[in-house]
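Below is one structure, written out as structure tokens; comments come after it.
The values are calculated or read from the model by the stated rules, or taken from the named source; none is laboratory data. Because the structure is a prediction, the values reported are computed rather than measured. Every residue, glycine among them, receives a Cβ derived from its backbone with ideal geometry; neighbour counts consider all protein chains shown. In case anyone asks, the SASA skips ligands and DNA or RNA and just uses the protein heavy atoms, side chains included. Shrake-Rupley method; radii C 1.70, N 1.55, O 1.52, S 1.80 Å.
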Amino acid sequence: MTTRSASPTGPAAPRPPDTPDVSALLGDWVNTDQGSSKGPLRLTVRWHEKGLFVRAFGTGGPQPRDWGEVSAVVYTAPGTPSVAWSFSAIYTFGPLRTVLCAYHKAGILVATTSSIFSDDSDDSEGVDHWARSFFHRAEGRA
């Protein structure tokens with residue numbers, strides 16, 4: 001029997017029986033600090049038959065820069081192996097590698113990004129950085 005996870009962004013997608021419930025993570029998420037210059041401004045988290053996927057949008061002009069959609073690793077909280085509460089995803093932009101980690105708590109998504117430039121980067125402005133952001137569900141998309 002295949003179970004289904006509820007999705008606030010559309011019809012539920014099938015999920016294997018041994019996969020944790022990811023429904024709390026799914027949806028469109030908006031950074032509470034839209035003036036942030038570090039980390040994503042918006043996240044879309046979705047499930048399909050190949051697993052959890054995250055699309056991030058960061059700063060850019062005139063529209064937010066689409067980081068693309070990548071697969072994510074799902075984590076469960078200790079003692080609750082049937083419910084996913086966090087994920088991690090890796091984005092690579094040439095010499096820059098950004099690791100996005102996020103967890104769901106009390107209706108918000110708390111995310112951190114660790115951005116690291118490769119040692120062979122010619123980018124003189126390439127400074128490694130870490131940022132934490134708070135996301136709420138996008139209104140009108142639930």
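Among the candidates SER82, SER86, SER115, single out the residue that is open to solvent by less than 50 Å² (accessible area, probe 1.4 Å) and in contact with an Asp or Glu (Cβ under 9 Å, 6 or more places away or on another chain).
SER115
When only residues in the range 30-49 that are of a type in the set (Gly, Ala, Ser) and open to solvent by less than 30 Å² (accessible area, probe 1.4 Å) count, which is nearest to THR92 (Cα to Cα)?
Checking each candidate, the answer is GLY39.
From the list THR112, THR59, pick out the single residue that is under 14 Å from the mean Cα position of the chain (by Cα) and of a type in the set (Val, Ile, Thr).
Only one candidate qualifies: THR112.
Looking at (1) at pLDDT below 95; (2) surrounded by 15 or more Cβ atoms within 10 Å (Cβ to Cβ); (3) aromatic (Phe, Trp, Tyr), which one does PHE93 not meet, given that it meets all the others?
The failed condition is (2).
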